[in-house]
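One structure is given below, encoded as structure tokens.
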Amino acid sequence: MSGDSGVPSEALRRAWAPLASGFEVEPGATGLLHQTVRLNATGGGRFVLQRVSDVFSPAIQDNIAAVTRHLAARGFETFELVPTTDGALSLDLGTGGRWRLLTRLEGVSFDRLRSTEQARSAGALVGRFHAALDDFEAPLAPMGIPFRDTALYRRRLAEALRRHAGHDRHAAVSRLRVRIEDGFDALGAAPATRDRVIHADLKISNVLFAGEAPPERDEAVALIDFDTLMRAPLHSEWGDAWRSWCNRRGEDEREAVFDLDVFAASIEGFAAGFGQPIDRGEREALVDATERLALELASRYATDALEESYFAWDRARFPRAAEHNLIRAEGQLSLFEAARCCRDERAAILESLPVVESPRGDF
């Protein structure tokens, strides 16, 4: 039986050999998209069990398996997918959901950065991750949802405004869209640079650290949550990381504050961890990376302020999803503006990155 945790215990025992003799479920299931629980197997072993959201293609398990094998072969510490007894990477229980079992990494996560040294160490870990995957050539399957498709998000916002003309927040969202489009116009098209294998969801909670308190708190040891593995430019990776790491106020506040010290520490850490030059064009594209991702997310939040169907929202603070998403969209626009104000300083910091000239025609 599944019990109060919602975990289908008998099915799991039959599916995975390490769980055959039984297991304990630690209290406190988590996850915005996936139901996530920690298991301690009776016969030994600590695991993470997840009921994977239906929005993702089953093929993401193949992506994760291929990338984690590659990382492990190059000495990068990573979790692994545990195959079922019949060799599958997940267990499909039909209406009971699709489940996967992962080996559990030691470490703790934080909702927000606590120090610049934490940012430096996390940046170095991301650098080692990218260095380990620099020669990864296997194909990656689509994840099943549109992701990092800026043009699509902009179209969806325009379409939402047409479809929801009677929404009581239509005028507010319309004003936001003008600001968003003005921002994109100011940035211009993103430079053409090479695609790399990127994590694509480097919010700080997806970085594990050695402990709760310094100095262990400032030692990044592993990355988790590989659902969004994809090939995309480096600026897409770092734009999203900086959007999360450098905003002192978080995503649920109207006013953002950009932390230039965190920016500098993280990219200096990345350069040390990566250990090789990047293309000059990649370095130039990093200058506007935060602004691009902030505008992209502002578009998504503004769309859901009208549609009220995608993002989870805080019912304790807001009467409905529209109000929460409006605050989020305004916060991302504020982050865009805060980042623009220190653009010259960030460009100067990025000038320290070692670069190589890319041969013409590579992209």
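The values are calculated or read from the model by the stated rules, or taken from the named source; none is laboratory data. In this text, all values refer to a predicted model and were calculated from it rather than measured experimentally. Reconstructed Cβ throughout: ideal geometry from the backbone, glycine too, with neighbour counts over all protein chains shown.
Of the numbered criteria (1) hydrophobic (A, V, I, L, M, F, W, C); (2) buried (at least 20 other Cβ atoms within 10 Å of the Cβ); (3) assigned to a helix (DSSP H, G or I), the one Ala272 fails is (2). Here Ala298, Ala302, Ala289 are screened, and the one residue that is without any contact (Cβ under 8 Å) to a residue 60 or more places away in the chain, in the same structural domain as Phe336 (by TED's automatic domain parsing) and within 23 Å of Leu187 (Cα to Cα) is Ala289.
How many residues, within segment 76-98, are among the β-branched types (Val, Ile, Thr) and under 17 Å from Ala59 (Cα atoms)? Don't jump to the end; show me each part of the working.
Initially, segment 76-98 is screened for residues among the β-branched types (Val, Ile, Thr), giving 78, 82, 84-85, 95.
Narrowing the set further to residues that are under 17 Å from Ala59 (Cα atoms) leaves 82, 84.
Looking only at that region, the number is 2.
Taken as a whole, the structure places Ala265 among residues that are in contact with a Gly (Cβ under 8 Å, 6 or more places away or on another chain) and of a type in the set (A, V, I, L, M, F, W, C). Give me the pairs, please: first residue somewhere in segment 201-221 and modelled with pLDDT of 95 or more, second residue anywhere and surrounded by fewer than 19 Cβ atoms within 10 Å (Cβ to Cβ) and basic (Lys, Arg), beta-carbon distance under 6 Å, and either six or more positions apart or on two chains. Going by the 6 Å Cβ cut-off, the qualifying pairs are Phe209/Arg217; Gly211/Arg217. Of the numbered criteria (1) in contact with a helix residue (DSSP H, G or I) (Cβ under 7 Å, 6 or more places away or on another chain); (2) closer than 30 Å to Ile145 by Cα, the one Ala41 fails is (2).
His167 meets the conditions (1) in contact with a helix residue (DSSP H, G or I) (Cβ under 7 Å, 6 or more places away or on another chain); (2) in a helix (DSSP H, G or I); (3) surrounded by fewer than 20 Cβ atoms within 10 Å (Cβ to Cβ) in every case but one. The failed one is (2). Residue pairs whose Cβ atoms lie under 8 Å apart, separated by 6 or more positions or on different chains, with the first residue in segment 157-182 and assigned by TED's automatic domain parsing to the domain that holds Leu293 and the second assigned to a loop (DSSP other than H, G, I, E, B) and crowded, with 16+ Cβ neighbours inside 10 Å, are His170/His164; Val173/His167.
Just checking, does segment 308-330 include any residue being farther than 30 Å from His164 by Cα, buried (at least 20 other Cβ atoms within 10 Å of the Cβ), out of contact with any helix residue (DSSP H, G or I) (no Cβ under 8 Å at 6 or more places or on another chain) and of a type outside the set (Ser, Thr, Tyr)? Full working, then the answer.
Restricting attention to segment 308-330, the residues satisfying the condition of being farther than 30 Å from His164 by Cα are none.
No: segment 308-330 contains no residue that is farther than 30 Å from His164 by Cα, buried (at least 20 other Cβ atoms within 10 Å of the Cβ), out of contact with any helix residue (DSSP H, G or I) (no Cβ under 8 Å at 6 or more places or on another chain) and of a type outside the set (Ser, Thr, Tyr).
Restricting attention to segment 173-195 and to residues that are surrounded by fewer than 18 Cβ atoms within 10 Å (Cβ to Cβ) and among the aliphatic types (A, V, I, L, M), the residue that is farthest from Glu330 (Cα to Cα) turns out to be Ala192. Would you check if there is a residue in segment 148-163 being in a loop (DSSP other than H, G, I, E, B), at pLDDT 95 or above and touching a helix residue (DSSP H, G or I) at 6+ places or on another chain (Cβ under 6 Å)? For segment 148-163, residues in a loop (DSSP other than H, G, I, E, B), at pLDDT 95 or above and touching a helix residue (DSSP H, G or I) at 6+ places or on another chain (Cβ under 6 Å): absent.
Within the set Leu326, Leu293, Leu335, Leu297, the sole residue that is in a helix (DSSP H, G or I) and over 18 Å from Asp240 (Cβ atoms) turns out to be Leu326.
What do you reckon, is Glu117 of a type in the set (Asp, Glu), surrounded by fewer than 19 Cβ atoms within 10 Å (Cβ to Cβ) and either assigned by TED's automatic domain parsing to the domain that holds Val37 or under 15 Å from Val262 (Cα atoms) (or both)? Even if it seems obvious, please write down each step before you answer.
Numbers: of a type in the set (Asp, Glu): yes; surrounded by fewer than 19 Cβ atoms within 10 Å (Cβ to Cβ): yes; either assigned by TED's automatic domain parsing to the domain that holds Val37 or under 15 Å from Val262 (Cα atoms) (or both): yes.
Criteria met by Glu117.
Considering the conditions (1) in the same structural domain as Arg194 (by TED's automatic domain parsing); (2) over 27 Å from Ala298 (Cβ atoms); (3) out of contact with any Lys or Arg (no Cβ under 6 Å at 6 or more places or on another chain), Ala132 is excluded by exactly one of them, (3). Quick one: which strands (runs of 3 or more DSSP E) sit completely within segment 22-87 and have at least 3 residues that are in contact with a Leu (Cβ under 7 Å, 6 or more places away or on another chain) and surrounded by 14 or more Cβ atoms within 10 Å (Cβ to Cβ)? By residue number, 35-41, 46-52. Scanning segment 228-255 for residues that are in a loop (DSSP other than H, G, I, E, B) and buried (at least 24 other Cβ atoms within 10 Å of the Cβ) yields a single hit, Cys246.
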